[in-house]
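Contents: one structure, followed by commentary.
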Amino acid sequence: QVQLVESGGGLVQAGGSLRLSCAASGRTFSSYGMGWFRQAPGKEREFVAAISWNGGRTYYADLVKGRFTISRDNAKNTHYLQMSSLKPEDTAVYYCAASLLLRPTMTSGDYNYWGQGTQVTVSS
């Protein structure tokens, strides 16, 4: 079992930056691949980024590639999503998730644990 708590969301102007954090407790953090998903109002949850257990491999959705960076610090049981050049269409609730698959995965069904989400709002 692992518990996930996101933080770092908020309101930012278009072109700005935010860093989301996801703190994990419970089982050994390095036993999980980690990911970020988002859900905008009226839309389905979508994949944003994922990282392998040791940070050696990452995947990104095409919509965020080059603007977002996922990373992790296993010593702190935390992973991060650095978001830059934000656009109004990035507005969503962002969720972190943990997968027993050590490799990164874009499939939401591969994730075993989810956080409660943090709101990111980008104004134009």
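The values are calculated or read from the model by the stated rules, or taken from the named source; none is laboratory data. Computed from a predicted model, the values in this text were never measured in an experiment. All Cβ positions, even for glycine, are placed from backbone atoms using ideal geometry, and neighbour counts span all protein chains on display. SASA here: full protein model, heavy atoms, side chains in, ligands and nucleic acids out. Shrake-Rupley method; radii C 1.70, N 1.55, O 1.52, S 1.80 Å.
If Lys and Arg each add +1 and Asp and Glu each add -1, what is the summed charge of the other residues whose beta carbon sits under 12 Å from the beta carbon of Leu100? Net of charged neighbours comes to +1. Split the accessible area of the chain by element, probe 1.4 Å, and carbon with sulfur accounts for 47%. Here the gap between Arg27 and Arg67, fully extended at 0.36 nm per residue and compared with their Cα-Cα distance, gives a gain of 11.3 nm.
Around the Cα centre of the range 60-124, unit charges on the Cβ atoms of Lys, Arg, Asp and Glu (plus for the first two, minus for the last two) sum to a dipole of about 160 debye. Shown here for the range 34-124: GluC sites (Glu not before Pro) in loop regions (DSSP other than H, G, I, E, B) with at most 12 other Cβ atoms within 10 Å, namely Glu44. Once Lys and Arg get +1 and Asp and Glu get -1 on their Cβ, which of Ile70, Ser21, Gly55 lies farthest toward the positive end of the dipole of the chain? Farthest towards the positive pole: Gly55. Convex hull volume per residue, computed on the Cα atoms of the range 53-124, equals 104 Å³. Multiplying each eigenvalue of the alpha-carbon gyration tensor of the chain by 5 and taking the square root yields semi-axes of 23, 14, 14 Å, largest first, rounded to whole angstroms. Subtracting the Cα-Cα distance of Ser85 and Ser17 from their residue separation scaled by 0.36 nm leaves 23.9 nm.
Per residue, the convex hull spanned by the Cα atoms of the range 6-47 amounts to 116 cubic angstrom. Largest mean-square fluctuation among Gly33, Gly55, Gly66, in a Gaussian network model of the chain whose springs join Cα atoms under 10 Å apart, belongs to Gly66. In this structure the chain gives 50 Å² per residue of accessible area when probed at 1.4 Å with all protein chains present. Only Lys, Arg, Asp and Glu carry charge here, each on its Cβ (+1 for the first two, -1 for the last two); on that basis the range 12-86 has a dipole of about 80 debye about its Cα centre.
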